[in-house]
Amino acid sequence: MTTSDVLIVGYGWAGSMMAYDLVSRGLRVVVLERGSDLPNHPSCGHFHGPQGRRPQSRTQDAARETFTLRHHQGEQALPIRRMGSFLSGAGVGGGGVLWGGLSPRYSPESFRPAALFDESIGRDAELDIRDWPIDYDDLSDGYSRFENLVGVAGSDGQPVGPAPTNEGPDLFRAAAESKNLTVASLPTSEIDIAYTNPLGVSREPCEEFGTTLATPLNTVDPYSRATGQLTVITGAHVRRVEHDGRHVTGVTYFRGGAEHTATASSYVLAAWTLNNVRLLMLSNIGAAYDPATGAGTLGRSLSNHLTLGGTAFFDSRTIDSSRKTGGGWVTSDFENAGTCGRFAGGAQMHSSNLELKPKPEAVVPHGTSRWGAKWKDALREYRDSMVRINITGEVVPRRTRYLDLDTVYRDAWGDPLLRLTYDWSPNERALADAMASAASGILEATGADRLHVPHELSEQYSVAAYQNSHLAGGAVMGADPHDSVVDTDLRSWHLDNLWVVGASAFPRNAAPNPTATLVALALRASASVASVLTTESTTKEGRPE
């Protein structure tokens, strides 16, 4: 039996940042991580394999533990056999060793969507949009700490200062500004210089990429381990949070062919969004959401991002992308519905060197043969003659999108899989159409000879092609236990010594990438855990019953 002050499940960005903060306060922390360690991991942070592919050993093994998907309640859910649409990290560092380094903050308006989308909500009764119970100022200190710990580059106000860019992103900037859009430097944690953070942890660019990407393993993990206050147990598959209805009494996990129990004074679930929610459901913590009646909170308010792209091709112009950089430009004018107004939600559009890194997919002009000599010729002709942009669009919560436990399929340990009831709605299709139109106008303004801007979403949501790993919600935060799973410090309403940390707590997944907001929330939760541990009791004094 393992005993500590704090036990954390999961060691991605949320778990590692909480571990750092808690050990820095002198607390003993044990982490249970289902995957393996990364021996001799590079300080530059790039863990991609050949052609930019993510190493399979760092993602959830769908053969042992996966999710099921159905598009509506009347459909039979089927297991996701290959993690295509999204990736759940497995191993020390979690998804933090797989990400692209984009590090924007949410805008102050992002925390108050209900008023912004009031007209859309009135038109669509299925929308389940709610305001955050906290605002931007409550996370501003956490944002700053994150940026200094990971070394964010972008504007003059960022710890690393302005990020260099290449010709392609610069063409995007000029074209967007010609359309009267506001363009700003894209905050990124992939930088082209060495950086030493306030903890004294350093990282340097690697030879292959010429940059260094921040991960938990080259920012906070070395410091946490050096304190001697942190124990990381790998290969630990957590099955249950044991409790007496008021307090967590231990965590049961499977490791090395046997079942074990770990105990602590306080407990933190810091796994990926879907795995946090599933573990709460398997442990009978909270009231499961019922879409028919609207009762229950656990599994509700599922949100996400959809990913669109656009490419401008030049027949007789070379676009210089030789500079090793993660920098680029972003326009946030379409955030929070911006100038569109035809849908609830919003989008960000950016162009950076990230879009040009080696990837499994190859980009050629629309209409080119998909294989053979002509396809290869087009790859060679346009490799250095394109400008690419990326659009991150918001998939807002709906009453018909939710999570529950599957009634048929189970994992390798005999536990029910988590089931997603999830599909596209007219809202996402309107967003995709509007953003494709805007992207086409911008790319046309670059002077390109031809464009390719796909805008039609698949007939139904598909898990075949990678979108992103930004699923959020399911265990949302709130000021009232009747409509939320955790409070404003991410502390469980049901169990006094449990915190559920990560994007699972987001009431809304706004348009920007979520990592900076996730970490700012984790640091807020960490302060709450430490405060409770320094008091004489862990009662819910001052919290609604």
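What to note about this one:
- Of the residues screened, SER178 is not one that is under 25 Å from VAL92 (Cβ atoms) and more than 22 Å from the chain's Cα centre (by Cα).
- Among (1) touching a residue at least 60 places away in the same chain (Cβ under 8 Å); (2) in contact with a Phe, Trp or Tyr (Cβ under 7 Å, 6 or more places away or on another chain); (3) on the phi < 0 side of the Ramachandran plot, the one test that VAL500 misses: (2)
- Restricting the stretch 325-340 to residues that are part of a loop (DSSP other than H, G, I, E, B) and touching a helix residue (DSSP H, G or I) at 6+ places or on another chain (Cβ under 8 Å), the residue that is modelled with the lowest pLDDT: CYS340
- The stretch 406-427, subset more than 30 Å from ASN336 (Cβ to Cβ) and among the charged types (D, E, K, R), residue surrounded by the most Cβ atoms within 10 Å (Cβ to Cβ): ARG419
Conditions (1) assigned to a loop (DSSP other than H, G, I, E, B); (2) surrounded by 17 or more Cβ atoms within 10 Å (Cβ to Cβ); (3) in contact with a strand residue (DSSP E or B) (Cβ under 6 Å, 6 or more places away or on another chain); (4) among the aliphatic types (A, V, I, L, M), marked per residue:
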site: LEU431; (1), (2), (3), (4): no, yes, yes, yes
site: ALA436; (1), (2), (3), (4): no, yes, no, yes
site: ILE442; (1), (2), (3), (4): no, yes, no, yes
site: THR446; (1), (2), (3), (4): yes, yes, yes, no
site: LEU451; (1), (2), (3), (4): no, yes, yes, yes
site: GLU456; (1), (2), (3), (4): yes, no, no, no
site: GLN460; (1), (2), (3), (4): yes, no, no, no
site: ALA465; (1), (2), (3), (4): yes, no, no, yes
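- Condition met for GLY393 (of a type in the set (Gly, Ala, Ser), modelled with pLDDT under 95 and surrounded by 19 or more Cβ atoms within 10 Å (Cβ to Cβ)): yes
- Condition met for GLY473 (at pLDDT 95 or above and surrounded by fewer than 23 Cβ atoms within 10 Å (Cβ to Cβ)): no
- Any pair with Cβ under 8 angstrom, 6 or more apart, that starts in the stretch 101-118 at a residue that is more than 27 Å from GLY45 (Cβ to Cβ) and ends at one that is basic (Lys, Arg) and buried (at least 24 other Cβ atoms within 10 Å of the Cβ): SER110/ARG508; PRO113/ARG508
- Residue within the stretch 217-225 that is of a type outside the set (Ser, Thr, Tyr), over 29 Å from ILE391 (Cβ atoms) and in contact with a Gly (Cβ under 7 Å, 6 or more places away or on another chain) present: yes
- In the stretch 500-516, the count of residues that are farther than 16 Å from VAL476 by Cβ, assigned to a helix (DSSP H, G or I) and modelled with pLDDT of 95 or more is one or more.
- Scanning the stretch 112-139 for residues that are more than 20 Å from GLY294 (Cα to Cα), of a type in the set (Phe, Trp, Tyr) and assigned to a loop (DSSP other than H, G, I, E, B) returns a single hit, PHE117.
- Of the residues SER322, SER301, the single one that is at negative phi and out of contact with any helix residue (DSSP H, G or I) (no Cβ under 6 Å at 6 or more places or on another chain) is SER322.
- Condition met for HIS243 (under 25 Å from ASP496 (Cα atoms), at pLDDT 95 or above and surrounded by fewer than 18 Cβ atoms within 10 Å (Cβ to Cβ)): no
- Restricted to the stretch 140-167, and to residues there that are in contact with a Lys or Arg (Cβ under 7 Å, 6 or more places away or on another chain) and either among the acidic types (Asp, Glu) or in a helix (DSSP H, G or I) (or both), the residue that is surrounded by the most Cβ atoms within 10 Å (Cβ to Cβ) is GLY142.
- Search result, residues across the stretch 262-304 that are part of a loop (DSSP other than H, G, I, E, B) and among the aliphatic types (A, V, I, L, M): ALA270, ALA271, ILE285, ALA287, ALA292, ALA295, LEU302
- Condition met for THR307 (within 30 Å of GLY122 (Cα to Cα), among the hydroxyl-bearing types (Ser, Thr, Tyr), in contact (Cβ under 8 Å) with a residue 40 or more places away in the chain and not in a loop (DSSP other than H, G, I, E, B)): yes
- When the criteria are applied in full, GLY414 meets the requirement of being out of contact with any Ser or Thr (no Cβ under 8 Å at 6 or more places or on another chain), among the small types (Gly, Ala, Ser) and modelled with pLDDT of 95 or more.
The values are calculated or read from the model by the stated rules, or taken from the named source; none is laboratory data. Everything numeric here is computed off the predicted structure, so don't read it as measured data. FYI the Cβ positions are ideal-geometry reconstructions off the backbone, even for glycines, and counts take in every protein chain you see.
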